[in-house]
Each structure stands twice: as C-alpha cells, then as structure tokens.
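Have a look at the structure below before the remarks.
The values are calculated or read from the model by the stated rules, or taken from the named source; none is laboratory data. Please read these numbers as outputs of a predicted model, since none were measured by experiment. FYI the Cβ positions are ideal-geometry reconstructions off the backbone, even for glycines, and counts take in every protein chain you see. Side chains included, ligands, DNA and RNA excluded: accessible areas come from the protein's heavy atoms. Shrake-Rupley method; radii C 1.70, N 1.55, O 1.52, S 1.80 Å.
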Amino acid sequence: MTYIEAAKNRAKEYLSGKNQIMLAIESSCDETAAAVLRGGREILSMSVHSQIGIHRKYGGVVPEIASRSHVERIGDVVNSALSEAGLTLGNVGAVAVTYGPGLAGALLVGISYAKGLCMAQRLPLVGVNHIAGHIAANYLTHPTLEPPFVCLVASGGHSDIVLVKRYNEFELIGKTRDDAAGEAFDKAARALGLPYPGGPELEVLAHLGNSRAYAFRSEFNARPTLEFSFSGIKTELINVMHIAKQRNEEVSRADVAASFQRAVVEILAEKAVLAAKLTGVSALALAGGVSANLSLRETMRSRAKQEDIAFFAPDTRLCTDNAAMIACAGHHALLTGRLDDLSLNVEPGLGL
Ligand code: KG4
Ligand code: ZN
C-alpha cells in the first residue's frame, strides 16, 4: 500500500471517531511547539520552547537563528508533548502542522519533521493556516462556541478582522493598512527602551501610568470603515520621546505607555464591534498574541456587551503561539475534507 492510501485509511478511522488523537507542530516564528488533542477540543498536553531569550539581544527575531533553534529543539518538544499526554507515536491518529504564514526557514523545520513522522507511521498529514489556528484557540477555551462569528486576530504580523462563516470558511473583512497591532506595540516599546517582545512589557508599564496623559489620535481611524492604521499614533509616540530627549525634559514613560495602549485598544475594540454590527453576527471573538492584553480583553468585552454581542477570548496560555490551537484547527480541517500529501510545502505569505 502506498503512503497516501494508508494515510487515507487512517483519516477515515479518525473521521469515524475511532482514534481522534491529533499531534500538532507549530514553528512559524520564534516558538517551537507541539501539542496533543483528543476529539478536537480536549488538550492532553502542550509543550512550548520559546526563543525569546535568544532573540532579545538583537531586538527582534533573527530568521536564521530561529530556524537553527527549531532544528535543535523540535525532537525534544514533540517527545515531551507525547510523554506528557502519556502516549507514544503509535497512539496518534493524525498530524497537523503550520505551513504558513510565517518565516520560510522556520516553517520548513516543522513541516519536514511532521512529514517524517507521517511517512514513518503512515499517518494523515493536515496543513494548517497559522491564523486559522489563532482563531481556533477560542474553541479550546469555549466548548460551545461555533461559527458564525467575527474574530479580531491581533498578533505580531497580523491585525485582521475575520468573518468566520464555518469552521473552515473565512472572509477577511477588515485589516490594518500598515503596522500590525503587535508590531505597533513592539515598536512603541522599543522607543520606550523596553526589551523585545515589547507588547507584554508595555502592558506592565502602562499599569503604572495615566492613560489620559496624551491624546494619541489618528484621523484615519475615525472613519466608519473596517480599515485601520497604527503608524500615525506610533509616530506621535516616537515624536514625544524624541522631543523630550532633545529638550532634555523628563517624560513619564508610564504615562506614554498607558496613553499609547489606550489608543491602540480603542481602535481595535471599536473596529471589531463595528464589524460584528455590520455583519449582523451575535458573537465576537479575539485571538492572536495581543489578545493576552488585559486592557484589550476588558474593553472589547464591555463594548460588545453594550451592543448585546457575546464576547469570547482564549485562555491567556493559548493567546500567543502554541500547537494546541494548530491541532484544533487541524481537527476541523480534517473533518471538512483536508488531507495533504508529502508534497506539502511552506507558504510564508499564506492568506486565510
Ligand atoms: O501571535 P503571536 O504570539 O505571534 C505572531 O503570530 O505574531 O503574537 C506576538 C505578538 C508580539 O508582537 C507581542 O508583543 C504581542 O503579540 N503581545 C502583546 C501582549 N502579549 C503578546 N501585546 C500587547 N500586550 C500583551 N500582553
Ligand atoms: Zn501567531
């Protein structure tokens, strides 16, 4: 029997509910991650190796170094996900892997490893879109959530407003015209002298400041459309820091951080709620690394409530890159007929 015939048979077993153990691998950026899920929504284990410490001294992710670190870690990360779940490779029913969007070399490590496992064990292989993975993190936290809903995906590389029509059917209905939300947080944090990745550091500093100290505003975002922009407010923040330095004046970094965070959060919350209203859905979800931001979660929750829209966000541990969300998205992709062969390749610029 050829590999693909065997994989199709195993996929049928998975679909019949006989063995719904999904092993997933995620390596699109600076986290090497693996996870095991049962039945698409029950997390048996999660293993993540973060490269933050490695890239911090460069102020951002260095793609070559990321790929090398993935190669060094992936075997251990997959093995520890399996052993934490109390399973071996022989128990796995299918393998999901992120194939884009992300860094080409980094993605290639995960894909190659997944293909090796599938070939050796004759397992079905499912390629997963990283953004669909972030959205699926919500299903893991909220077992009753199902499409249709609107999801704001705010990560380091994306700020997308997505209409989730079905588990595997998406429509991009809004996006940033320049920086992604996480990118804006990271650049602002850098201007404030905070280490990479700046988002979480900026949030901590913002707690100590007055969010009304500066009015970071951009006319572009006042239009009632689903397109938004962060470059204006980011430039305003950089100017505040610059001018203070030139004049040798003291500036409260906490006030700047708090005001910047408020500006970004207001834009995101406003546009996401507007999207839910325009599409007429009754549920709004949040996803991506920036969804770990408490101010964003709380602001979206209260704005959604005012409009009678239900609000969902993933558990904090599922907000940033992980493989449980990839396993969940992979489960739904397999259920709706996706099955890849060993020619699956990376797609660094993959859209939804
Ligand atoms: O989704 P993610 O882990 O990786 C990508 O797919 O990009 O998102 C990482 C981004 C980084 O820009 C990071 O600064 C931001 O999410 N981030 C945050 C917070 N936690 C992570 N931004 C604001 N507040 C946070 N608490
Ligand atoms: Zn991500």
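Here the condition is being within 13 Å of ligand 1 (Cβ to nearest atom), in the same structural domain as Val162 (by TED's automatic domain parsing) and surrounded by 23 or more Cβ atoms within 10 Å (Cβ to Cβ); of Ala206, Ala272, it holds for Ala206 alone.
One line per residue, one yes/no per condition, for (1) within 21 Å of Pro348 (Cα to Cα); (2) in contact (Cβ under 8 Å) with a residue 40 or more places away in the chain; (3) assigned to a helix (DSSP H, G or I); (4) away from ligand 2 (no atom under 16 Å from the Cβ):
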| position | (1), (2), (3), (4) |
| --- | --- |
| Gly75 | no, no, yes, yes |
| Ala81 | no, yes, yes, yes |
| Val95 | yes, yes, no, yes |
| Ile131 | yes, yes, yes, no |
| Pro147 | no, no, no, yes |
| Cys151 | no, yes, no, no |
| Gly157 | yes, yes, no, no |
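When Ala106 is tested against (1) surrounded by 22 or more Cβ atoms within 10 Å (Cβ to Cβ); (2) in contact with a strand residue (DSSP E or B) (Cβ under 7 Å, 6 or more places away or on another chain); (3) not aromatic (Phe, Trp, Tyr), exactly one condition is not met: (2).
Quick check: is even one residue across region 214-221 part of a helix (DSSP H, G or I), surrounded by 14 or more Cβ atoms within 10 Å (Cβ to Cβ) and among the aromatic types (Phe, Trp, Tyr)? The answer is yes; a qualifying residue exists.
Residues that are open to solvent by 50 Å² or more (accessible area, probe 1.4 Å) and at positive phi do not occur anywhere in region 310-320.
Considering (1) more than 13 Å from ligand 1 (Cβ to nearest atom); (2) at pLDDT below 95, the lone condition that Ile161 does not fulfil carries the number (2). For region 222-240, a residue qualifies if it is hydrophobic (A, V, I, L, M, F, W, C) and surrounded by fewer than 16 Cβ atoms within 10 Å (Cβ to Cβ), and the qualifying residues are Ala222, Ile238. Do the conditions hold for Glu183, that is, is it open to solvent by 10 Å² or more (accessible area, probe 1.4 Å), under 29 Å from Met241 (Cβ atoms) and in contact with a Leu (Cβ under 6 Å, 6 or more places away or on another chain)? Against the criterion (open to solvent by 10 Å² or more (accessible area, probe 1.4 Å), under 29 Å from Met241 (Cβ atoms) and in contact with a Leu (Cβ under 6 Å, 6 or more places away or on another chain)), Glu183 does not qualify.
Being within 28 Å of Ser28 (Cα to Cα) and β-branched (Val, Ile, Thr) is the requirement here; does Val251 meet it?
Values: within 28 Å of Ser28 (Cα to Cα): no; β-branched (Val, Ile, Thr): yes.
Considered against the rule, which asks whether it is within 28 Å of Ser28 (Cα to Cα) and β-branched (Val, Ile, Thr), Val251 comes out as no.
Residues are listed down the side, and each one gets a yes or a no for (1) more than 25 Å from Gly288 (Cα to Cα); (2) of a type in the set (S, T, N, Q); (3) within 16 Å of ligand 1 (Cβ to nearest atom):
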residue: Ser211; (1), (2), (3): no, yes, yes
residue: Arg217; (1), (2), (3): no, no, no
residue: Asn221; (1), (2), (3): no, yes, no
residue: Thr225; (1), (2), (3): no, yes, no
residue: Ala244; (1), (2), (3): yes, no, no
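When Arg338 is tested against (1) modelled with pLDDT of 95 or more; (2) over 30 Å from Glu13 (Cα atoms); (3) assigned to a loop (DSSP other than H, G, I, E, B); (4) among the charged types (D, E, K, R), exactly one condition is not met: (2).
If I filter region 241-261 for residues that are more than 24 Å from Thr141 (Cα to Cα), surrounded by 14 or more Cβ atoms within 10 Å (Cβ to Cβ) and within 20 Å of the chain's Cα centre (by Cα), do I get at least one hit? Yes, there is a match, as at least one residue in region 241-261 is more than 24 Å from Thr141 (Cα to Cα), surrounded by 14 or more Cβ atoms within 10 Å (Cβ to Cβ) and within 20 Å of the chain's Cα centre (by Cα). Checked against the criterion of being in a helix (DSSP H, G or I), under 27 Å from Phe185 (Cα atoms), outside the structural domain of Ala154 (by TED's automatic domain parsing) and touching a strand residue (DSSP E or B) at 6+ places or on another chain (Cβ under 6 Å), region 312-324 contains one or more residues that satisfy it.
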